[in-house]
There are 2 protein chains.
Amino acid sequence: MKKVLAIDVGGTKIYNAIVNANGELVSDVEKHSTPSSYDDIIKTFRTIISNYENQVDYIAFSTCGAVNNTNTGILGSTGNIAKDYPKTDFRSLSNKPVFVENDANCAAWAEYEIGASKGFSNSIMLTLGTGVGGGIIVDGKLLKGKNGAAGEMHFKMRLDKHRKCTCGAWDCFEIYASGNGLRLTGVEMSKNPDITTYDIIEGKNKSDKLMQEIFNRWQNDILAGLVGLANIFDPDVIVLSGSMAQFVDTDYLTDKVNGEIVTTPLKVVKASLENYAGMIGAALLAIRSFNGKS
Amino acid sequence: MKKVLAIDVGGTKIYNAIVNANGELVSDVEKHSTPSSYDDIIKTFRTIISNYENQVDYIAFSTCGAVNNTNTGILGSTGNIAKDYPKTDFRSLSNKPVFVENDANCAAWAEYEIGASKGFSNSIMLTLGTGVGGGIIVDGKLLKGKNGAAGEMHFKMRLDKHRKCTCGAWDCFEIYASGNGLRLTGVEMSKNPDITTYDIIEGKNKSDKLMQEIFNRWQNDILAGLVGLANIFDPDVIVLSGSMAQFVDTDYLTDKVNGEIVTTPLKVVKASLENYAGMIGAALLAIRSFNGKS
């Protein structure tokens, strides 16, 4: 069975593990802090690869940033990693075949092959964390767009320039549906500038009325975005992952989305793979890609 | 060269013409009023088909409503045509092969094969009329979704339940970007409940300041939607068609969209085929479909 050295590159951490063709981790997971400079990031990659490349068939990166359509490098980084990160052709890092894909796309693919959206050709995965990531599968293929940058969940929720998004534009879905969005909704509704996401979730769990209202507002903002995506894509399923997904009520969202859309009924579900979905998806995509070519 | 009897079914009019494999109309265009009952609509179809089916290879429908993924019938109508319209398997209408596709999808396809988005594998077409239609092409294929209903431009522009959309939900793109949306923006900004789209366009052309502001607000609402679609799809081009598209400034929209998106630059252009794009696209899709199968 083919084996892949999978490397998950985020703004703060880099993980690596060996993944087999069933999407199973067959080694321990190693964790590194993401260095702040391009040169040090590449050094970390080289160290990981030199330690493990002899044990695997392919190298697969799941990375932040938009990845090109040839899956060889990065189009642009997202601001949470060294600015000059994009310039490498990742194929130069190993003599083994190297595959690169965006982390949200990798996670969406892992859920599609072996997780919560298995068996469904049309799915959308949203990663609700500090920000919001998106991976979209149409007819069993990742939606990449003309250059590979598709799946960005920056569509507007308001027209009155209310919240500035991390992307620089106003009122994107991300700045409402993310963990940061929950915090900002909390600040607005409680008038407490120091309120945290933790305060809101804790308060809600203790039946604090204001905290419940804040939480519900946040969940309904997520709902508003899901309705739009469901009308645009007519998907089988929308998968929610990431640290904030644990708090949402997917039965409520499924029911409400289906009550509003003009397309056909779908399910909103939680991801089943979570933490290592990026590495698993990258490995499965790499195997699919290189098996197809060899 | 293959010839197709193309029939364009709208809520108020039914058009038909013979279209060849180059997308050229090779007959006059016939026009019928759309009957209000299912039985009379089918009678009109039968009359048109019996008059022309001997002159063509295939029959192709471009119709309002969502069309199934086998291109044989309708999933659901949109409220502007007889409610029981969906129930037919259109293949029963002729001994010649019959192909059915949604009208916005047909128009998007016509622009892709021979019109404004020719040569671009990733495009979005928006039909700005009384409502807003959408046809999306991803990697050279129509985006249909799990059941064929994809491409509905009902994503939210606001979260405060400001305008009810024709679909029954609140604040969809359609109720802001359509001709009806321009009128409602005019009503809100002028406090004149009787203002018409014509008044606004005329006033704007005569440099009336308020009418210019109303128009600009409407155009910026369209812009807000385009930014979201561009971030989701990373398309090569967004094509604007329909009766309201003539008024928008595509250079302005191109410039502003590219200034806001996190994906890669695209062009916003006007459609080049306009009125008969639906029939042309249906014919070209039918030829593609039946040639592939035979």
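Mean separation of Cα pairs under 8 Å and 6+ residues apart, divided by the residue count of the stretch A:119-271: what relative contact order is that in percent? The partial results should precede the final answer.
On the way: 250 pairs, mean separation 37.0, N = 153.
Normalised by residue count, the contact order of the stretch A:119-271 is 24 percent.
For the stretch B:42-53, what does the Karplus curve 6.51 cos²θ - 1.76 cosθ + 1.60, with θ = phi - 60°, yield as ³J(HN,Hα) per residue in whole Hz, taken in order and with x for Gly and Pro?
Each residue of the stretch B:42-53 in turn: 4, 4, 4, 4, 5, 4, 4, 5, 5, 6, 10, 5 Hz.
Under a Cβ-Cβ cut-off of 11 Å, what is the net charge of the residues other than A:Trp170 that fall near it, where Lys and Arg count +1 and Asp and Glu count -1?
Here the count lands on +2.
Bin width 20 Å, origin at 0, all Cα-Cα pairs of the protein assembly as shown: what percent of pairs per bin?
With a bin width of 20 Å, the distribution comes to 20, 50, 27, 3.
For every other residue with a beta carbon closer than 11 angstrom to the beta carbon of A:Ile124, add +1 if it is Lys or Arg and -1 if Asp or Glu, then tell me the sum.
Combined, the nearby Lys, Arg, Asp and Glu give -3.
Give the relative contact order (percent, whole number) for chain A; include only Cα pairs under 8 Å separated by 6+ residues. Intermediate values should be presented prior to the final figure.
Values: 606 pairs, mean separation 60.8, N = 294.
Relative contact order comes out at 21 percent.
How far is the Cα center of the stretch B:238-255 from the Cα center of the stretch B:127-169, in Å?
Value for the Cα centre distance between the two parts: 17 Å.
Please report, for A:Glu24, the nm distances (one decimal) from its label point, 7 Å out from Cα along the beta-carbon direction, to the equivalent points in the remaining copies, shortest first.
Ordered by distance, the counterparts are at 6.3 nm.
If amide hydrogens are placed 1.01 Å from N in the peptide plane, which non-local residues have theirs closer than 5 Å to the one on A:Lys146?
Placed amide hydrogens put B:Asp236 under 5 Å from A:Lys146.
How many nm separate the modelled label positions at B:Asn275 and B:Asn258, each set 7 Å beyond the Cα in the direction of the Cβ?
Computed distance between label sites B:Asn275 and B:Asn258 equals 3.4 nm.
Give a residue-ordered list of calculated ³J(HN,Hα) values for the stretch A:154-162 (Karplus: 6.51 cos²θ - 1.76 cosθ + 1.60, θ = phi - 60°; whole Hz; x for Gly, Pro).
Rounded to whole hertz, the list is 10, 10, 7, 9, 9, 10, 10, 6, 9.
Taking each label point as 7 Å beyond Cα in the direction of the beta carbon, state the distances from A:Gly259 to the same residue in the other copies, shortest first, in nm.
4.1
Taking the number of other C-beta atoms within 10 Å as the exposure measure, put B:Ile175, B:Ile48 in order starting with the fewest.
B:Ile48, B:Ile175
Taking a threshold of 22 Å on the Cα-Cα distance, which of the pairs A:Lys146/B:Lys256; B:Lys3/B:Lys270; A:Lys206/B:Lys161; A:Lys31/A:Lys87 fall above it?
Result: B:Lys3/B:Lys270; A:Lys206/B:Lys161; A:Lys31/A:Lys87 exceed 22 Å.
Checking the cross-link filter: which aspartates and glutamates have an alpha carbon closer than 12 Å to that of B:Lys96, excluding same-chain neighbours under 8 positions apart?
B:Glu53, B:Asp57
From the Cα gyration tensor of the stretch A:29-90, with a ≥ b ≥ c the square roots of its eigenvalues, which class applies: rounded if a/c is under 1.5, or else prolate if a/b is larger than b/c, or else oblate?
oblate
Search the structure for amide H atoms under 5 Å from the amide H of B:Phe99, placed 1.01 Å from N in the peptide plane, and list their residues when 5 or more places away or on another chain.
B:Ile59, B:Ala60, B:Phe61
Can you tell me the alpha carbon radius of gyration of the stretch A:119-271 divided by the globular rule-of-thumb value 2.2 N^0.38 Å?
Output field value: 1.04.
Calculate the mean, over all residues of peptide B:135-147, of how many other protein chain Cβ atoms lie within 10 angstrom of the residue's Cβ.
So the per-residue partner count for this stretch is 5.
Using the Cβ atoms and a cut-off under 11 Å, what net charge is assigned to the surroundings of B:Ala283, where Lys and Arg are +1 and Asp and Glu are -1?
On the way: positive: B:Lys2, B:Lys3, B:Arg288; negative: B:Asp8, B:Glu24, B:Asp57, B:Glu101, B:Glu113.
Its environment carries a net charge of -2.
If each label sits 7 angstrom from Cα along the C-beta direction, how far apart, in nm, is B:Tyr198 from its counterparts in the other copies?
When each copy's label point is compared with this one, the spacings are 6.5 nm.
In percent, what relative contact order does the stretch B:1-69 have, based on Cα pairs under 8 Å that are 6 or more apart in sequence?
So the answer I get is 41 percent.
A short reminder: the numbers here are calculations on the coordinates, not readings from a lab. Because the structure is predicted, anything quoted here is derived from the model rather than measured. Note: ideal-geometry Cβ built from the backbone for every residue, glycine included; neighbour counts use all protein chains shown.
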